[in-house]
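Asker: One structure follows; several queries about it will come next.
The values are calculated or read from the model by the stated rules, or taken from the named source; none is laboratory data. Quick caveat: nothing in here was measured; it's all calculated off a predicted structure. Cβ placement follows ideal geometry from the backbone for every residue including glycine, while neighbour counts extend to all protein chains displayed. Please note that ligands, DNA and RNA were not included when accessible areas were found on the heavy atoms of the full protein model with its side chains. Shrake-Rupley method; radii C 1.70, N 1.55, O 1.52, S 1.80 Å.
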Amino acid sequence: RRLTAERAELLGTLSTVGEDATVRRSDVPDGIGETEHLVSAERQDVSSRVLALTRHALDEVDEALARLDDGTYGDCIGCGAQISPDRLDAIPAASCCLACQSSREGITR
């Protein structure tokens, strides 16, 4: 249920942020409005980055739902061990155990 709820929330965010990322202000005059152009461009850049992160998170949730369907949810895709329930509680879309995730990120424990 948490994955489904998270998926719905991410889809809502995609819809909202997607609109923000595509809105452009063409009615801002040149000259004195240059700062407004820069602010608008920065806002669009941030919206585009949020959009990319949201799409990535949605992909992770969809992959977790697929693992749930095929019976492999909770199994680490790196080593095959069980992902700890505490980790799954904190990050329901986690695909790796903590050791494999740390290794992927280059973190030494």
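Asker: Of all the residues that make up the range 91-109, how many are in a loop (DSSP other than H, G, I, E, B), within 18 Å of the chain's Cα centre (by Cα) and surrounded by 11 or more Cβ atoms within 10 Å (Cβ to Cβ)? Outline the logic, then answer.
Answerer: Pass one, the range 91-109, residues in a loop (DSSP other than H, G, I, E, B): 91-97, 105-109.
Restricting the remaining residues to those that are within 18 Å of the chain's Cα centre (by Cα) gives 91-96, 105.
Those left that are additionally surrounded by 11 or more Cβ atoms within 10 Å (Cβ to Cβ): 91-96.
Residues meeting the conditions: 6.
Asker: Let me ask something additional. Please name all residue pairs, on different chains or six or more residues apart, with Cβ atoms under 6 Å, provided the first residue is in the range 53-66 and is hydroxyl-bearing (S, T, Y) and the second residue is buried (at least 18 other Cβ atoms within 10 Å of the Cβ).
Answerer: Sorted first by the residue in the range 53-66, then by its partner, the pairs are T54/L10.
Asker: Could you list all residues from the range 37-66 that are under 23 Å from L3 (Cα atoms), open to solvent by 40 Å² or more (accessible area, probe 1.4 Å) and among the β-branched types (V, I, T)?
Answerer: Within the range 37-66, V50 is the sole residue that qualifies.
Asker: In the range 85-109, which residue that is touching a Leu at 6+ places or on another chain (Cβ under 7 Å) and not charged (D, E, K, R) is farthest from R7 (Cα to Cα)? Give the steps one after another, and end with the answer.
Answerer: Our first condition is that a residue be touching a Leu at 6+ places or on another chain (Cβ under 7 Å); within the range 85-109, this holds for 87, 92-94.
Now restrict to residues that are not charged (D, E, K, R): 92-94.
Details: P92: 11, A93: 10, A94: 14 Å.
That would be A94.
Asker: Can I ask one more? Taking the range 67-90 only, how many residues are outside any helix (DSSP H, G or I), of a type in the set (A, V, I, L, M, F, W, C) and open to solvent by less than 50 Å² (accessible area, probe 1.4 Å)? Give the derivation first.
Answerer: Within the range 67-90, the subset outside any helix (DSSP H, G or I) is 71-84.
Filter once more, so that each one left must be of a type in the set (A, V, I, L, M, F, W, C): 76-77, 79, 81, 83.
Imposing the further condition that a residue be open to solvent by less than 50 Å² (accessible area, probe 1.4 Å) reduces the set to 76, 81, 83.
The qualifying residues number 3.
Asker: Scan the range 6-27 and tell me whether some residue there is assigned to a helix (DSSP H, G or I), open to solvent by 90 Å² or more (accessible area, probe 1.4 Å) and at pLDDT below 85. Steps first, answer last, please.
Answerer: Taking the range 6-27 and keeping what is assigned to a helix (DSSP H, G or I), we get 6-22.
Now drop any that are not open to solvent by 90 Å² or more (accessible area, probe 1.4 Å), which leaves 9, 19, 22.
Keeping just the survivors that are at pLDDT below 85 gives 19, 22.
Yes; the residues of the range 6-27 include at least one that is assigned to a helix (DSSP H, G or I), open to solvent by 90 Å² or more (accessible area, probe 1.4 Å) and at pLDDT below 85.
Asker: Do we have any residue at all in the range 50-66 that's at pLDDT 85 or above and outside any helix (DSSP H, G or I)? Spell out how you get there, then give the answer.
Answerer: To start, the set of residues in the range 50-66 that are at pLDDT 85 or above comprises 50-66.
Right, trim to outside any helix (DSSP H, G or I) and you get none.
No, every residue in the range 50-66 fails to be at pLDDT 85 or above and outside any helix (DSSP H, G or I).
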